[in-house]
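Below you'll find the structure I mean.
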Amino acid sequence: MTGTPRQAVIQRETRETAITCRLDLDGTGLAPASRIETGIPFFDHLLAAWSVHGGFGLDLVARGDLEVDGHHTVEDVGLCLGRALRQAAGDYGTVARFGAAYVPMDEALARVVVDCSGRPLLVWSVGVPARSFGAFHAELAEEFWRAVAAEARLTLHVDLLRGRNAHHGLEAVWKAAGRAMAQALAPRAGGPLSTKGVLE
């Protein structure tokens, strides 16, 4: 391995949102100090859980049309984070490729399995009560991960195996995603892990 920093900076501005996302896959070297500010406190909480349990450095500031609702902000953050993941990982030619994690949170149990395949796909089987946490509606969880999978070009399977509490279930999903992605994005030598010799 070359020791090259695995970092990315993504900026996106539309009439609905303005986002700056700085990502460090190895959790070091971000300046200023890591912060997550989307204007949606529960979403900030989920992103912080993903960052901490994945060991990722994340500095993210998003301003969105929250007077409409949280949809544009949540989806656009997913797009930016997905792009940052792929850019920081160098198109996955030098990573472990696969990762999987189970995470419990009280009565909830989440499983996330990821393949840095270059082929975007989200399989989502997460049943949580239809609940709003401020501007974050539970249904936005799927929209976020679909955007991440599309822009990062990941195959992502997300299952909530059990759980009655929406907060517990969603937080377990974000933590499991962090741990699974940390495994999949771990550095490795030897070129793309594929019998084809390429990931696409």
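Which fully enclosed strands (runs of 3 or more DSSP E) of the stretch 51-167 have 2 or more residues being under 21 Å from Leu23 (Cβ atoms) and within 13 Å of the chain's Cα centre (by Cα)?
Where strands (runs of 3 or more DSSP E) fall fully within the stretch 51-167 and carry at least 2 residues being under 21 Å from Leu23 (Cβ atoms) and within 13 Å of the chain's Cα centre (by Cα), they are 57-64, 108-115, 155-162.
Also, I was wondering about something else. With the requirement that a residue be within 19 Å of Asp44 (Cβ to Cβ) and in contact with a Gly (Cβ under 7 Å, 6 or more places away or on another chain), what does the stretch 111-136 give you?
Val128, Ala135, Phe136
So, in the stretch 117-132, of the ones that are surrounded by fewer than 18 Cβ atoms within 10 Å (Cβ to Cβ) and small (Gly, Ala, Ser), which residue ends up farthest from Glu107 (Cα to Cα)?
Looking at the filtered set, the residue picked out is Ser132.
Of all residues being out of contact with any strand residue (DSSP E or B) (no Cβ under 9 Å at 6 or more places or on another chain) and of a type in the set (D, E, K, R) in the stretch 76-120, which is nearest to Leu170 (Cα to Cα)? Just the residue, please.
Residue satisfying both the conditions and the ranking: Asp106.
Just give me the residues in the stretch 84-110 being at pLDDT below 95 and either under 11 Å from Asp159 (Cα atoms) or in contact with a Gly (Cβ under 9 Å, 6 or more places away or on another chain) (or both), in sequence order.
Asp91, Tyr92, Gly93, Thr94
Say we look at the stretch 26-50 and pick out the residues that are modelled with pLDDT of 65 or more and part of a loop (DSSP other than H, G, I, E, B); which of these is surrounded by the most Cβ atoms within 10 Å (Cβ to Cβ)?
Thr38
Table: residues versus (1) more than 23 Å from Asp76 (Cβ to Cβ); (2) touching a residue at least 40 places away in the same chain (Cβ under 8 Å); (3) in contact with an Asp or Glu (Cβ under 8 Å, 6 or more places away or on another chain).
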position	(1), (2), (3)
Arg131	no, no, no
Ala152	no, yes, no
Leu161	yes, yes, no
Arg164	yes, yes, yes
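The values are calculated or read from the model by the stated rules, or taken from the named source; none is laboratory data. Since this is a predicted model, take the numbers as computed values, not measurements. Note that we place each Cβ from the backbone using ideal geometry, even for glycine, and neighbour counts take in every protein chain shown.
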